[in-house]
1. Could you please let me know if B:T110 is touching a helix residue (DSSP H, G or I) at 6+ places or on another chain (Cβ under 9 Å), over 16 Å from B:R281 (Cβ atoms) and not hydrophobic (A, V, I, L, M, F, W, C)?
2. Since A:M157 meets every condition but one in (1) part of a strand (DSSP E or B); (2) buried (at least 20 other Cβ atoms within 10 Å of the Cβ); (3) modelled with pLDDT under 90; (4) not polar (S, T, N, Q), which condition does it not meet?
3. For the range A:222-231, which residues satisfy the criterion of being in a loop (DSSP other than H, G, I, E, B) and not small (G, A, S)?
4. Just to be sure I understand the filter: pairs with C-beta atoms under 7 Å, separated by 6 or more residues or on different chains, first member in the range B:124-140 and touching a residue at least 40 places away in the same chain (Cβ under 8 Å) and crowded, with 17+ Cβ neighbours inside 10 Å, second member part of a helix (DSSP H, G or I) and of a type in the set (S, T, N, Q). Which pairs pass?
5. Residues that are at positive phi and either of a type in the set (D, E, K, R) or buried (at least 19 other Cβ atoms within 10 Å of the Cβ) (or both): does the range B:159-181 have at least one?
6. Mind listing whichever residues of the range B:182-203 are surrounded by fewer than 23 Cβ atoms within 10 Å (Cβ to Cβ) and within 14 Å of chain A (Cβ to nearest Cβ)?
7. Please work out which residue is nearest to A:Y117 (Cα to Cα), limiting yourself to the range B:271-287 and to residues that are facing chain A (nearest Cβ under 8 Å) and of a type outside the set (A, V, I, L, M).
8. State all residues of the range A:78-99 that are in contact (Cβ under 8 Å) with a residue 40 or more places away in the chain, of a type in the set (D, E, K, R) and within 11 Å of another protein chain (Cβ to nearest Cβ); if no residue qualifies, say none.
Amino acid sequence: MSSRKRWGAGLAGIVVAGAVAVGVAVAPTAAAAPPLPPVSPEALVASVITAKPGPMNGTVTVDNELGLPALPNAPQLGNGTQTARVWSGGDGKGRVALPSSDGERTLVSDGTTRWSYDSADRTVTKAPANAGGPPSRPDVPGGVDPRTDPAGAATSMIADLRKTSTVTVDGTEEVAGRAAYQLVLTPLPTERTLLREVRVSVDAEKRLPLQLTVLATGSAQPALTIGFSDITFGPQDPSLFTFTPPPGTTVKDAPAPDGRGGPPTGAQAPKTVGDGWDRVVVAQKPATPPNQPGQPGRPAGAPDLSSLGTPVSGPWGQGRLITTTVATAIITNDGRIAAGAVPEQVLTEALGR
Amino acid sequence: MSTTVATRGRAATRTAAPLGRLLAAELRWVLRRPRTLVVFGLLALVPIAIAIGIATTGGPSAGRGPGLVAQVAGNGFVLPVVALGLSLTLLLPLAVASAGADAIAGEAATGTLRGLLIAPVGRLRLVVMKAAGVVTVAVLAVLVVAVVGMIAGTVVVGGAQGTLVTLSGTTLGVGEAIGRIALVAAWTVGQLLAIGAVALAISTLTEHPLVVLACVLGGLIVFGVLSAIPSLEWLQPLLLTTGFTAGTDVLRDPLPLDGLVSSTVRALVYVVLGLGVTLWRMRRRDA
């Protein structure tokens, strides 16, 4: 009997050890708040603007609970978790690998050329990297160039945000094994928005944003988390930042960018209604090409939105309402699109203007 | 069979180091079974079938379309990796599970287990001997797929100028390509050992080898169903099949090791659990 008990205990021990081992092998470890010297939001943002994190590599995980409708030709936008492996040379060179279960997309920037390789159809697309560093950002509030006056830019940026939000550095946390400050933006109570909080974790040492978390009202779980799940700073193998098209692949040049970042041809410039968290973008859909009278006009490859959402009507006409946890959009039957991180009523008002 | 029992009997009367002879007898016994050889033959057909399919339908559409099999076109070194990945879903587990089923339940069904238990061979030694038979089948099965895959990939499909084109668009030389194939083969053996250990454990609980086969293959299918249910996502880290896709990682460059390591750790846990149950049952078994 005692031998049987001993063996029973042994078996239980094996089972417990196995369960613990599986748990340790896969479960993320709970992060404790590391002690860090206090910092003001202005100083934190200024240090992020001036930061030179240098070469690093890591894994970026996107945890998407936005509740976007599943689009037939863009399934990657649906809820779920995605990972990307990134390498950065710290000097404009970089490599990104987007693995899927049976393939991979690879993006390599070697300083002069940006290469894109898709294993599914074995095609290489190459485009010249834009020379002269990143383009200046004219939309920085206050008109202060962050490259020449980072502290001033940070102060004016925070001051602008404070008109509509509470900006705080809310303690510290550990992200990807590194101590990080948490910059928290909370909308003021007067803001009519679906968002509850936006958190940016900034690495305490390198001042690199490590994680972005978006929390929506009415849910304890983040609607969107983008961030490093592991990161290592240090010199990288230079061969990572070169790309030679492998044998048996087709190489093509990327189409020349026309009006990069601008609206598609045929569309009017979108206008914004309101500011701060309840900003609504109202845009006009591109006109229907005359040779396709039955089809709603959409650029090739863009998802077909005509069958999504629920039908709604209002003083502005009739259309379809698409709701997600963080944003709402109305597509009217006369081709207007209104979208924002706001409830439906705010969109209705914006369309009525 | 009688010669085997006689061999074991002679070996057991010795007091020193009969383990080598025990193992040799067990391996002869396992590898002489026609069903083992038939499964090896079936496994060899997997890469050959893929190679012929690619060679006859490949050409202008080479590399088009989804799926890993399309990656084989014009890229022969991928063939063993793809063949191992495809066989790991059912055919390789079948080979290991049938070896585990025959090892104990099969001997119990034919009545030869009694002789083994009566013989003055330690129970631990008996389990080691039986486990060695299962390990041998797992290693040989993987080797058959990998080696036939490499030959078929080189001869029928042909390499991309003697290199392996990874999913990341880089090219690996012959040496590194063979290293990657060896890595995925070793990893596959690790996953199969987990299945073999569970098969041995079930084998000690029944006298019908078919029950073992049904439990192991049925269990793999149930695991596959469970992992497809979104609300049971929390269960995924516990399922052995969750890590089965990690073999594809050897085709990426730079090689990501976390998937391979975590699935190997998971397999080790299954090995420990399976061998623990096997030992626990065999220590107390009297017939």
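1. It is false that B:T110 is touching a helix residue (DSSP H, G or I) at 6+ places or on another chain (Cβ under 9 Å), over 16 Å from B:R281 (Cβ atoms) and not hydrophobic (A, V, I, L, M, F, W, C).
2. (1)
3. Of all residues in the range A:222-231, those in a loop (DSSP other than H, G, I, E, B) come to A:222-223.
Correct list: A:P222 only.
4. Listed by first residue and then by second, the contacts come to B:V127/B:T278; B:V137/B:T36.
5. Checked the range B:159-181: at least one residue is at positive phi and either of a type in the set (D, E, K, R) or buried (at least 19 other Cβ atoms within 10 Å of the Cβ) (or both).
6. B:G190
7. The qualifying residue nearest to A:Y117 (Cα to Cα) is B:G276.
8. Within the range A:78-99, A:R95 is the sole residue that qualifies.
The values are calculated or read from the model by the stated rules, or taken from the named source; none is laboratory data. Predicted model, so just to flag it, every value in this text is computed and none were measured. In this analysis, Cβ positions are derived from the backbone assuming ideal geometry, glycine residues included, and neighbour counts consider all displayed protein chains.
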